[in-house]
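The values are calculated or read from the model by the stated rules, or taken from the named source; none is laboratory data. This structure is a prediction, so every number in the text was calculated from the model and none was measured. Using ideal geometry, Cβ is built from the backbone for each residue, glycine included, and neighbour counts are taken over all protein chains shown.
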Amino acid sequence: MKLLHQPEKLPLDFWRSLRYYNFYRLLQATLFVLLGGAFGSKLALNPEQLLLFFSAAVIYLTSVLMSFIFLRLDRHRFIWQLSWQVGGDILAVSVFSYLNGGIVSNIGLLLLISLAAAGLVSRGKITLFFAALASLATLFVHTFGVLYSNADDSKFVQVGLLCMAYFAVAWMAQNLAKHAVDSQQLAARRGLDLLSLSEASRLVMRDMQDGVLVIDAQGVIVQMNPNAMRMLQHPAASGELLSEVFPMLFGQYALWKYSGQVSNDTVQLDVGVQVRLRLVAVQRDAEHGVVIFLEDMQRVQAQAQQIKLAALGRLTANIAHEVRNPLSAISYATELLQEDALTPTQQRLLQMVLDNTQRINQIVSDVMQLNRRDRVRAEEIALADFLADLRDEFNQAEHLAAGVLVLEINAPVAEHLMVQFDRDQLRQVLWNLMLNGLRHGHAQPASLLLRAEWREDRVQLFVEDDGAGVAVAHQARLFEPFFTTAEQGTGLGLYIAKELCAANGAELLYAPRVTQLGASFGIIFAEVRHDGNKISQ
């Protein structure tokens with residue numbers, strides 16, 4: 001009986017089922033009122049019984065209407081309301097059965113529907129209790145009829161069978177309700193699992209480095225992740241035909257669907273992006289859709305470059321120890337020999353040995369700088385102050401006359417022009433570029449220009465000289481390792497500078513001067529802050 005006193009907070013579908021059950025009761029009560037009022041003469045009842053029948057039908061209908069009011073006002077005592085309604089049905093059907101001759105009227109069969117509905121509505125709770133009440137009411141009605149209304153006492157067998165039917169229907173309804181509850185809980189768990197898997201799939205697709213397109217059997221795009229939108233330069237195209245939106249991809253998809261393979265793993269898309277295609281059927285065949293993976297070859301090449309740099313860094317660390325010790329010994333021995341009285345030819349040969357050992361040592365030092373690419377400690381740098389200090393330091397180190405190196409800042413608020421870069425690496429890059437400019441320039445006033453400016457919401461820094469510039473034939477190979485046009489150069493300076501810029505999210509490029517002679521190297525910073533406001537590129 002604990003359930004009868006339990007103010008449960010149940011889901012809305014319980015109350016919805018109870019409301020549907022009340023609509024059935026309303027239909028049943030209305031039918032009894034019509035039978036008593038409009039067809040009373042055909043019920044074979046005497047006037048007194050007919051009046052009782054109609055009065056009971058009206059009371060039953062009133063009780064049902066009141067149940068709708070209670071349903072609206074009270075949403076806490078579900079079991080109490082269900083018990084009130086089922087109890088009212090048992091009482092009303094028992095009265096109608098007695099007034100119509102008892103068991104022979106078969107009105108008691110209506111309780112089978114009420115018990116089944118009560119079991120399903122309550123999800124199996126106290127259903128057998130309702131069956132017991134209905135059985136007791138049926139036995140009481142027939143016993144009362146036998147004692148006071150000359151009912152046939154041989155009908156107790158039918159009464160017993162009807163009571164057994166009550167319990168059978170109640171037991172079946174209870175088990176069906178239990179199975180329905182288990183199925184509902186299982187469906188809820190599966191729904192949560194599907195939601196979790198769907199969310200996990202969404203997160204995986206969102207964060208995947210590769211582009212992903214999901215195509216159904218009709219060639220309609222079902223889903224595409226942000227990287228696919230970026231590679232294809234197209235917003236979300238869900239619901240559109242692949243053939244209309246991406247004809248190049250559709251051609252590869254049609255070929256794969258027909259032959260099981262694409263014409264070429266690496267293809268050039270319509271928008272100019274080179275990707276590697278991989279198509280996977282959702283199931284064993286393509287009849288249920290296909291997943292197209294787009295692997296950005298630029299990213300693959302960048303990863304390969306990272307691996308090569310890491311391997312080169314480990315190699316150069318070993319080379320430094322293995323090469324520098326013999327070089328130091330050769331250099332020291334050469335210097336000792338130079339102190340002796342030698343002929344001019346011997347002195348020249350020894351100087352050649354010394355120069356070349358120093359050149360090899362410089363090459364090793366330059367190669368060792370590649371290790372620094374993976375050790376970036378970026379910080380916010382006030383560019384105007386940094387360049388002013390660098391100019392003074394460079395002038396002093398290279399013994400430049402005043403005015404040879406000119407610093408020019410073109411920005412709305414120069415003191416708030418900020419860049420994100422490793423300070424030591426930025427100094428190394430600029431020093432290398434200024435040395436190149438000084439070497440190829442004329443060392444005259446304003447021969448070397450260090451210019452910073454704010455253009456297209458980004459900080460751009462240029463190192464310009466008044467030399468002959470870089471020949472067109474050499475411009476494509478400027479940043480290749482070991483490429484140099486100078487006799488004493490190692491060919492690693494510009495390559496290392498470009499790698500250090502890339503490690504800091506910037507870009508180093510060569511920009512020929514249009515109106516003047518000379519070369520111009522520019523650094524385009526990827527993340528800047530201007531006038532206190534950070535701008536992410």
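Points to keep in mind about this one:
- Taking the criterion of being among the charged types (D, E, K, R) and either touching a Pro at 6+ places or on another chain (Cβ under 6 Å) or more than 16 Å from Q358 (Cβ to Cβ) (or both), the residues of the stretch 334-347 that qualify are E339, D340.
- The condition of being over 23 Å from G145 (Cα atoms), modelled with pLDDT of 80 or more and either crowded, with 18+ Cβ neighbours inside 10 Å or under 59 Å from the mean Cα position of the chain (by Cα) (or both) holds for only one of I90, I69, that being I69.
- Residue in the stretch 161-170 that is buried (at least 16 other Cβ atoms within 10 Å of the Cβ), assigned by TED's automatic domain parsing to the domain that holds G108, of a type in the set (V, I, T) and in contact (Cβ under 8 Å) with a residue 40 or more places away in the chain present: yes
- Residue count for the stretch 98-136, restricted to those that are within 52 Å of the chain's Cα centre (by Cα) and under 16 Å from A165 (Cβ atoms): 9
- Residue in the stretch 162-185 that is hydrophobic (A, V, I, L, M, F, W, C), at pLDDT 85 or above, in a helix (DSSP H, G or I) and farther than 18 Å from A117 by Cα present: no
- Which listed residue, of D152, D89, is within 15 Å of Y166 (Cβ to Cβ) and of a type in the set (D, E): D89
- Within the option set A151, A131, A118, being part of a loop (DSSP other than H, G, I, E, B) and among the small types (G, A, S) holds for one residue only, A151.
- Every pair of residues 6+ apart whose Cβ atoms lie under 6 Å, when the first sits in the stretch 81-102 and is farther than 18 Å from Q158 by Cα while the second is outside any helix (DSSP H, G or I) and among the polar types (S, T, N, Q): L82/S122
- Members of the stretch 128-151 that are closer than 30 Å to Q185 by Cα and in contact with a Leu (Cβ under 7 Å, 6 or more places away or on another chain): F130, A131
- The selection criterion, being more than 30 Å from V267 (Cβ to Cβ) and either assigned to a helix (DSSP H, G or I) or touching a residue at least 12 places away in the same chain (Cβ under 8 Å) (or both), does not hold for Q223.
Yes/no matrix, rows are residues, columns are (1) modelled with pLDDT of 80 or more; (2) of a type in the set (D, E, K, R); (3) within 26 Å of the chain's Cα centre (by Cα):
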position: L241; (1), (2), (3): yes, no, yes
position: Y258; (1), (2), (3): no, no, no
position: S263; (1), (2), (3): no, no, no
position: T266; (1), (2), (3): no, no, no
position: L269; (1), (2), (3): no, no, yes
position: V273; (1), (2), (3): no, no, yes
position: R278; (1), (2), (3): yes, yes, yes
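- Enumeration of residues in the stretch 93-109 that are in a helix (DSSP H, G or I) and either crowded, with 18+ Cβ neighbours inside 10 Å or not aliphatic (A, V, I, L, M) (or both): V93, S94, V95, F96, S97, Y98, L99, G102, I103, S105, I107, G108
- Among (1) under 23 Å from T30 (Cβ atoms); (2) at pLDDT below 80; (3) surrounded by fewer than 21 Cβ atoms within 10 Å (Cβ to Cβ) - the single one V121 does not satisfy: (3)
- Subset of the stretch 463-504 [touching a strand residue (DSSP E or B) at 6+ places or on another chain (Cβ under 6 Å), in a loop (DSSP other than H, G, I, E, B) and at pLDDT 80 or above]: N504
- Some residue of the stretch 527-537 being more than 34 Å from the chain's Cα centre (by Cα), at pLDDT 70 or above and either outside any strand (DSSP E or B) or over 18 Å from N410 (Cα atoms) (or both): no
- Taking the stretch 381-414 as the range and being in contact (Cβ under 8 Å) with a residue 40 or more places away in the chain, under 16 Å from R451 (Cβ atoms) and part of a helix (DSSP H, G or I) as the test, the residues that pass are L383, A384, F386, L387, L390, R391, F394.
- Considering the conditions (1) at pLDDT below 80; (2) surrounded by 12 or more Cβ atoms within 10 Å (Cβ to Cβ), D216 is excluded by exactly one of them, (1).
- Selection within the stretch 1-49 - assigned to a loop (DSSP other than H, G, I, E, B), closer than 28 Å to S97 by Cα and at pLDDT 60 or above: A38, F39
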